[in-house]
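The values are calculated or read from the model by the stated rules, or taken from the named source; none is laboratory data. Just so it is clear, the model here is predicted, and its values are computed rather than measured. All Cβ positions, glycine included, derive from the backbone under ideal geometry; neighbour counts span all protein chains shown.
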Amino acid sequence: MINNETMAWMEAARGGDEDAAARLVHEFHAPLYAFLRRLSGSESDAVELTQGAFCRAWKSIGTFAGHGTVSSWFHGIAYRTYVDWMRSDRRTEGRTDAWWDGLPDLAATPDAAAVAADSVAVAWAAVDRLEAGLRETLHLHYYQGLTLEETAEVLGIATSTVKYRTREALAQVQRDLARMEQPRNPNISSLRRA
């Protein structure tokens, strides 16, 4: 999406143009939902968080000053909605069996190792194991496609901190993936008994 077009939609929506507001929702709903889904770990929570983020956006649309991009403004509101949700007395939803089954088993059996061979799932799992600040930085910069500056704006930190977090997160993910690739020595005696 061309930034000029989203900026024009934003200006029109600020003036009360419902069609422009609908275009903004259409443009940013999927990326915000995906971002909040990855952070919250729950589809139902992500639906509520996305709705809450858009409610906040429309209430504060008059505060958009155009200093950053429309994307970073929406992602910033979504991130603050998530942070407030994390601080609240929310009902915690346990992880589903399907979610746990999708995680790679570090002590994988041959059939589990075959399932874990899906590099995308393995990479997502490694990212999910990062501490929150590193994980959120990677999600915004790589998965949401925000620039380093936009990511810094959303998180309310310096661009240099985003660069540091990105380097640290990638190094941790690489170490994690390297540990998973180390060959395992099967217990020969247990194989002979089978």
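Do we have any residue at all in region 62-70 that's surrounded by 21 or more Cβ atoms within 10 Å (Cβ to Cβ) and either of a type outside the set (Gly, Ala, Ser) or modelled with pLDDT of 90 or more (or both)?
Within region 62-70, one or more residues are surrounded by 21 or more Cβ atoms within 10 Å (Cβ to Cβ) and either of a type outside the set (Gly, Ala, Ser) or modelled with pLDDT of 90 or more (or both).
Return the only residue of ALA98, ALA171, ALA113 being at pLDDT below 90 and surrounded by 11 or more Cβ atoms within 10 Å (Cβ to Cβ).
Being at pLDDT below 90 and surrounded by 11 or more Cβ atoms within 10 Å (Cβ to Cβ) holds for just one of ALA98, ALA171, ALA113, which is ALA113.
Which ones in region 128-164 are of a type in the set (Gly, Ala, Ser) and in a loop (DSSP other than H, G, I, E, B)?
Across region 128-164, the qualifying residues are GLY145, GLY156, ALA158.
So which residues in region 129-148 are free of Cβ contacts under 8 Å to residues at least 24 places away in the same chain and touching a helix residue (DSSP H, G or I) at 6+ places or on another chain (Cβ under 7 Å), if there are any at all?
Within region 129-148, LEU148 is the sole residue that qualifies.
Against the condition in contact (Cβ under 8 Å) with a residue 40 or more places away in the chain and either in a loop (DSSP other than H, G, I, E, B) or not assigned by TED's automatic domain parsing to the domain that holds GLY133 (or both), how does TYR33 come out, does it pass?
The answer is no for TYR33.
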